Amino acid sequence: MQNIIEKAIELMLSHDSMLQNIISVTLRMCFSSSIVALLLGVPLGAFLSLAKFPGKKGLIVLNRTLMGMPPVVCGLICYILFSGVGPLRHLELLYTVSGMVIAQVILITPIVAANTETFLSSMAPDILETTKGLGLSRWKTMTLTLTECKYQILSTYLVGFARSIAEVGAVSMVGGAIVYKTNVMTTAIMNYTSRGDFTRAMSLGIILMLISLLVNIIVHVFSERVAEK
Amino acid sequence: MIVKNLKKMYGEKTVLNINEFSFEPGKIYAIIGANGSGKSTFLKVIAGTLKPSEKPEVILENKTLAYMPQKNYAFKTTVLKNVMLTAKNKAEDLNLAKEYLSEMKIDHLMNQNASKLSGGETARMALCRIFLSGSDIILLDEPTAAMDIESTLLSEALIKKYKKKTNATIIMVTHSVNQARRLADEVIFMKDGKILESGSSEEILNSPTKPETKEFLEFFSSEI
Ligand SMILES: Nc1ncnc2c1ncn2[C@@H]1O[C@H](COP(=O)(O)OP(=O)(O)OP(=O)(O)O)[C@@H](O)[C@H]1O
Ligand SMILES: [Mg+2]
């Protein structure tokens, strides 16, 4: 074990082109899917929390169900849609990073929406009572609310990013783990492990943890600043 | 301002039922009544922050209205920026904001994060904020409930001064009969969502006609 870790660190420090490609594909995918999911999920969550319409409870339950959707099910649906017999075959999304991003957005958006719905439902009533009482415009109310919730939004983003970087099922089905194209860290770890190449698998595992740590540190530092101001 | 048909029900329970009431400019109205008598609901329905059970009529006659809730939100920015939320003319309103803050003796907290203020300080800030809106009709829900005696008296002075300066209508809920005595021109006594009795402050507080009002006021005869 110790030997494997030593070798893994050695590999990380060498400029291994395949390793670097896996990392860059992973980051490209994670940033894209988590940001798109944030841009879709926050307005959706705000709508679920603030709008009043019949069937709202049902929609919230549906969203929570989607939140727990197993990645392989999402992968399967996307595979069928993108494959040669699927309705979206002309978009040629199968075995591409874009296809993987779409699958992940489907997985992460409900999580972002549910989180947003939860924190807004607790924070918004007091904010809205005050802004409405002061007769502030809708636009001003919205920007004020977003500013008030920036820490919550950031932590929601982090949850989305973590889900994206750790996810295997959907990306391996839609992306196919093609070397130098759609192979991301999680799928590569699986492949290396099944091939018995524990050194490479472990070095990717360590990098994965380090990226996760780094993102958490950035968010922590940022949130401390937000809390101080 | 005339309000008509203010009704709010929760299930079968009617918590607000007011047919018609008219408020005059240049007067301070104190709404008194026991917990749960519908005082806050009354203000919220007028302000439009609570959806009533029937369509109400609030005739504003081109006047502007602002409402200060029982629970005030302090935005995570400076006290001054919180007060300046409704500012239209930046330079002019900045002076006014500072003036109000110093009258409420929180001008030294001007550049502090408002979300770190104490309850009483938040209420003092909220009072400055509501007056900065410059509205013709001001609704205040227990504005001094969280304040100490000094701040309470400062608030009362500010309320009076604002009324004098702008000829505004001020409608405030209070649990202090003595505060009503000090401030109000008119007193409204509420019970079970209805206005049981209303009239000039002297009339209602000194010689109420309804036995319920008498009973309510007797409780407060020992108030400090
Ligand atoms: N969301 C709600 N669901 C059910 N009942 C409610 C709800 N909100 C308020 N009520 C009821 O409506 C009644 C009037 O409430 P309101 O807040 O207007 O009273 P109040 O006179 O302001 O009391 P207080 O002096 O305690 O502030 C109360 O009996 C309260 O229990
Ligand atoms: Mg109340």
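Quick look at the numbers
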| read-out | value |
| --- | --- |
| Gap separating the Cα centres of the stretch A:155-216 and the stretch B:1-74, nearest whole Å | 58 Å |
| Footprinting exposure proxy for B:HIS175, B:HIS108 (fewest neighbouring C-beta atoms within 10 Å first) | B:HIS108, B:HIS175 |
| Likely footprinting exposure, B:ASP148, B:ASP107, fewest C-beta neighbours within 10 Å first | B:ASP148, B:ASP107 |
| Averaged over B:119-131, number of beta-carbon atoms from partner chains that fall within 10 Å | 1 |
| Residue-averaged beta-carbon neighbours from other chains (10 angstrom radius) around B:72-79 | 5 |
| Whole-number D in µm² s⁻¹ for the stretch A:2-228, Kirkwood Cα-pair radius fed into Stokes-Einstein, 37 °C, 0.692 mPa s | 170 µm²/s |
| Cα point-scatterer Debye curve for the stretch A:79-195, base-10 log of I(q)/I(0) at q = 0.13, 0.19 Å⁻¹ | -0.67, -0.95 |
| Phi-based couplings in Hz for the stretch B:42-57 (Karplus 6.51, -1.76, 1.60; Gly and Pro marked x) | 4, 5, 5, 5, 5, 6, x, 8, 10, 6, x, 7, 10, 5, x, 10 |
| Once the Cα gyration tensor of the protein assembly as shown is diagonalised, semi-axes √(5λ) in Å | 60, 25, 18 |
| Cα gyration tensor shape for the stretch B:101-212, rounded if a/c is under 1.5, else prolate or oblate | prolate |
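Read the figures in this text as sums done on the coordinates, not as results from a lab. From a predicted model like this one, the values you see are computed outputs, not experimental measurements. Using ideal geometry, Cβ is built from the backbone for each residue, glycine included, and neighbour counts are taken over all protein chains shown.
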